[in-house]
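Below you'll find the structure, written out as structure tokens, and then a few comments.
Taken together, the values in this text are just the output of simple stated rules run on the coordinates, not laboratory data. Here the structure is a predicted model, which means the values were calculated and not measured. Here the Cβ positions follow ideal geometry from the backbone for every residue, glycine too, while neighbour counts run over all protein chains shown.
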Amino acid sequence: MTARLSEQLQSKIAERLAFHEDLGTKLFYRERSVVTTRVAPAAEPFDAALVNQEEEPLPKQKRQATPVAVVGAQVYPEPRGNAAPHLATQSAIDAVLFSAPSKTSNFFASLKTVPNDSLLKIREDIGECQRCRLGKTRKHIVFADGNPKAELVFVGEGPGADEDASGVPFVGRAGKLLTQMIEAMGLQRKDVYICNVVKCRPPGNRPPEPDEVTTCSPFLVRQLEVINPKVIVALGATAAKTLLETETGISKFRGQWLDFRGKKLMATYHPAYLLRNPPAKSEVWKDLKKVMAELGLEVKKNKPA
Ligand code: URA
């Protein structure tokens, strides 16, 4: 007889697996879609209790930042006939974007820039994307939300069920916590730009597979190039590992200033992880205060979130 795990046990296992992923410890079970959706306790506010934590000295940067790619003049073939580059076919677009088709340690440096790129062009290039298997199960492509001229960009992992249904990133429970975090910084969602590593929901909220990340990340890089923010905040292990091209666990380098193609990058824990592990909010708040200092935002003592 096939023994079935109880719903409660399945939730516990899913929660534990997600906990390890957020910490960046080795994945020991890849496919979670058959377990259940993650169950997290009710959202707690990102609150003032965190604000007065003593700042720890900046830890020594262990991982050398990804080398800054020279984003200079690139060979970009003229479009044939009257076709605008952004109206080209998927394969033509991809041939232009990639100089190397596989993800290497210098993957992002190998990506070519698109002259006169714009968010509109990027969205048009994505089109009704079927480049990877996520296209088959998604409801909506979740492109981004917020201010195209933002100085601060948050990069998450990928859409969940709420985002897939609405087409807007970070609108579920983790999204509500992210909104509180942004507001605790004295900003509003409309002041920042919010996007994800992959633009389609991985089934069952599993982490995106490496080939899905490789397929989708050229669009993320283009978004970051167009926005050209002062600071990028990578939310959680997937965003951090993707942008920094590292297998090192996020807990080893979160809170340190790192580099992504010449832009300052701060990796911190994902809000979904904070929902499962509220004490980590104080670590995230320390990271966000560094971001605020970099952006010249005032850190108010006893400021309620
Ligand atoms: N988690 C993410 O990483 N991104 C979203 O858009 C929502 C939840």
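Tabulated values for the structure
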item	result
Trypsin sites (Lys or Arg not before Pro) within the range 129-230, DSSP loop, no more than 16 other Cβ atoms inside 10 Å	133, 139, 149, 230
The range 137-295 shape via C-alpha gyration tensor axes, a/c threshold 1.5	rounded
Linear extension gain, residue 247 paired with residue 209, 0.36 nm per residue minus alpha-carbon span	12.3 nm
Rg and Dmax [Cα atoms of the range 210-305; Å; Rg one decimal, Dmax integer]	14.1, 45
Calculated SAXS-style log₁₀ I(q)/I(0) at q = 0.20, 0.24 Å⁻¹ - the range 152-228, Debye, Cα scatterers	-0.90, -1.17
Out-of-range pairs (alpha-carbon distance over 22 Å; input 264/290; 121/199; 139/230; 199/241)	139/230
